Amino acid sequence: MNINEIIKAPLLTEKTHLQMSENVYTFKVDRRTNRAEVKKAVEHIFDVKVAKVNIFNVPKKPKKLGRFHGFTNAYKKAIVTISQGLINFYPEDTQEEKEEKLRAEQEIKAKETTLREKAKKIEEKVAKKLALKSKSITKVEEKEVKSTTKETADAKVKKATKGE
């Protein structure tokens, strides 16, 4: 049997995650394989030393979904104890991907800073316009106040001249 066909998939459950810290890994394997083939396949694929292999058949189980009855598939499970090495089912990002992420983050930060600067400039322009408007409004009010005070002063002078 081909080495790549022996191991079907890793079984990743809470229990198997706890066993991984003890260098015990669980795999779903081909139903026609044996312990020696599983040992060779794990050592070849993952580059580790295998201490022991336990294999057993998991039978099919009855399941139903609504009114439909059926069975889960039967499979063979291999529990492999490793003496040297480590199997990593969750590969970390490569160095290139990390660099790409950093570049993307830096570009985003640069865009944010330019947007902030533009927003500040716009706010300053708006503030200047509002200040000019408020100044022009106060000038108009002052003119109105001056004109009303002149009118009242003129009226007082007229009254005073009439009274003479």
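Here are some residues: 141, 92, 164. Which one is at pLDDT below 80 and either in the same structural domain as residue 28 (by TED's automatic domain parsing) or closer than 30 Å to residue 21 by Cα (or both)? Spell out the reasoning first.
Working: 141 fails: either in the same structural domain as residue 28 (by TED's automatic domain parsing) or closer than 30 Å to residue 21 by Cα (or both); 164 fails: either in the same structural domain as residue 28 (by TED's automatic domain parsing) or closer than 30 Å to residue 21 by Cα (or both).
Matching residue, one of 141, 92, 164: 92.
In region 82-105, how many residues are among the polar types (S, T, N, Q) and not in a strand (DSSP E or B)?
So in region 82-105, the residues among the polar types (S, T, N, Q) come out as 83-84, 88, 94-95.
So of that shortlist, the ones also not in a strand (DSSP E or B) come out as 88, 94-95.
Count: 3.
When 29, 38, 48 are checked against the criterion of being touching a strand residue (DSSP E or B) at 6+ places or on another chain (Cβ under 8 Å), assigned by TED's automatic domain parsing to the domain that holds residue 75, among the hydrophobic types (A, V, I, L, M, F, W, C) and under 12 Å from residue 83 (Cα atoms), 48 stands alone in meeting it. For region 82-104, the set of residues classified as surrounded by 12 or more Cβ atoms within 10 Å (Cβ to Cβ) and of a type in the set (D, E, K, R) consists of 100 only.
Are any residues in region 45-81 surrounded by 13 or more Cβ atoms within 10 Å (Cβ to Cβ) and outside any strand (DSSP E or B), and if so, which ones?
Applying the first criterion (surrounded by 13 or more Cβ atoms within 10 Å (Cβ to Cβ)) to region 45-81 yields 45-46, 48, 50-51, 53-55, 58, 75-81.
Within region 45-81, 45, 46, 48 qualify.
Please specify each residue of region 21-43 satisfying the condition of being surrounded by fewer than 13 Cβ atoms within 10 Å (Cβ to Cβ) and outside any loop (DSSP other than H, G, I, E, B). The one that is surrounded by fewer than 13 Cβ atoms within 10 Å (Cβ to Cβ) and outside any loop (DSSP other than H, G, I, E, B): 36.
The values are calculated or read from the model by the stated rules, or taken from the named source; none is laboratory data. Since the model is a prediction, treat every value here as computed from it, not as a measurement. Quick reminder, even Gly has a Cβ in these numbers, built from the backbone with ideal geometry, and neighbours come from all protein chains shown.
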